[in-house]
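Notes follow the structure.
The values are calculated or read from the model by the stated rules, or taken from the named source; none is laboratory data. Please read these numbers as outputs of a predicted model, since none were measured by experiment. All Cβ positions, glycine included, derive from the backbone under ideal geometry; neighbour counts span all protein chains shown. What goes into the accessible areas is simple: the full protein's heavy atoms, side chains included, and nothing from ligands, DNA or RNA. Shrake-Rupley method; radii C 1.70, N 1.55, O 1.52, S 1.80 Å.
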Amino acid sequence: MAADVLQARLREMGERFLASLGEELAALRALTSDAPDAANAIVHRIAGRAGTFGFPAISIQASRLESLIIDGQFGAPAFEPALAELEALASAAREAVQ
Amino acid sequence: MIPTLQNILYVEDDADIRQVTVMTLELVGCLSVKACASGAEAVAPDNDFRPDLLLLDVMMPEMDGPTTLAHLRRDQRFSAVPAMFFTATVRPEEVSRLQELGAIGVIGKPFDPQTLVEELRRKWDAHHGG
């Protein structure tokens with residue numbers, strides 16, 4: 001019974017996470033290349049929450065972005081396709097739950 | 001004999017992850033959890049919770065997990081309480097670093113809420129010779 005309650009709550013929180021993910025990604029897109037710390041905070045948060053709420057692909061891709069930022073690649077050419085991939089995964093996840 | 005694990009002082013800055021973890025520990029593990037949103041909150045003088053275990057996220061703003069543990073260790077209330085860390089970086093060198101700080105266990109993030117309690121208890125038992 002406790003496991004059922006936990007599952008139900010995780011599902012609710014997962015749906016809320018997906019609903020807010022678009023805003024998080026828009027905020028990330030709006031950052032300029034001189035704000036790597038702010039970018040890292042966003043992707044770190046996405047990676048943690050996505051994994052916890054059952055969206056491993058989003059979590060892994062967000063972790064990749066985090067690695068790029070740590071390597072000084074925020075705003076560099078390598079970052080854009082990785083961000084686009086994360087956005088695509090988020091879109092697909094939202095469509096899957098609708 | 002392995003001491004009972006009942007009370008956990010948990011520090012995590014992300015509100016959603018904090019909520020999931022507390023739910024998991026309380027509902028599945030039947031544990032009593034005092035959740036703090038920051039290291040500062042954990043070391044506040046009015047924190048009268050007496051934990052069996054400190055459970056700390058590593059990456060937190062202002063006061064990270066290792067710094068929080070250092071502060072807790074200087075406080076008589078928590079100086080001898082075993083600690084575990086949550087970290088997104090579970091590379092061997094990071095695990096070694098946290099163990100050298102005194103951690104009895106390191107749990108990778110993101111964690112699986114369904115197996116968290118089992119993993120926590122396994123590390124607790126292993127530390128106490130179980």
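Points worth noting:
- Considering residues of the stretch A:28-80 that are of a type in the set (Ser, Thr, Tyr) and within 29 Å of B:Leu116 (Cβ to Cβ) only, the residue farthest from the other protein chains (Cβ to nearest Cβ): A:Ser67
- Number of positions in the stretch B:85-130 that are open to solvent by less than 50 Å² (accessible area, probe 1.4 Å), under 15 Å from B:Leu31 (Cα atoms) and in a helix (DSSP H, G or I): 5
- Residue match in the stretch A:62-78 (condition: farther than 22 Å from B:Pro61 by Cα and either surrounded by 19 or more Cβ atoms within 10 Å (Cβ to Cβ) or aliphatic (A, V, I, L, M) (or both)): yes
- Complete set of residues in the stretch A:70-98 that are of a type in the set (Val, Ile, Thr) and either within 17 Å of A:Ala50 (Cα to Cα) or at pLDDT 95 or above (or both): A:Val97
- The residues of the stretch A:1-27 that are more than 11 Å from every other protein chain (Cβ to nearest Cβ), open to solvent by less than 40 Å² (accessible area, probe 1.4 Å), of a type outside the set (Gly, Ala, Ser) and touching a residue at least 40 places away in the same chain (Cβ under 8 Å), listed by number, are A:Leu18, A:Leu21, A:Leu25.
- Among the residues of the stretch B:91-130, the ones that are touching a residue at least 60 places away in the same chain (Cβ under 8 Å) and under 22 Å from B:Pro3 (Cβ atoms) come to 9 in all.
- Candidates A:Ala93, A:Ala38, filtered to the one that is in a helix (DSSP H, G or I) and either among the basic types (Lys, Arg) or surrounded by fewer than 18 Cβ atoms within 10 Å (Cβ to Cβ) (or both): A:Ala38
- Filtering the stretch B:1-41 to residues that are surrounded by fewer than 18 Cβ atoms within 10 Å (Cβ to Cβ) and part of a loop (DSSP other than H, G, I, E, B) leaves B:Met1, B:Ile2, B:Pro3, B:Thr4, B:Gln6, B:Cys30, B:Ala37, B:Ser38.
- Residues that are in contact with a strand residue (DSSP E or B) (Cβ under 9 Å, 6 or more places away or on another chain), at pLDDT below 95 and not charged (D, E, K, R), drawn from the stretch B:1-20: B:Ile17, B:Gln19
- Against the conditions (1) part of a strand (DSSP E or B); (2) closer than 23 Å to A:Ile46 by Cα, B:Pro66 satisfies every one except (1).
- Verdict on A:Leu83 being more than 14 Å from every other protein chain (Cβ to nearest Cβ) and surrounded by 12 or more Cβ atoms within 10 Å (Cβ to Cβ): yes
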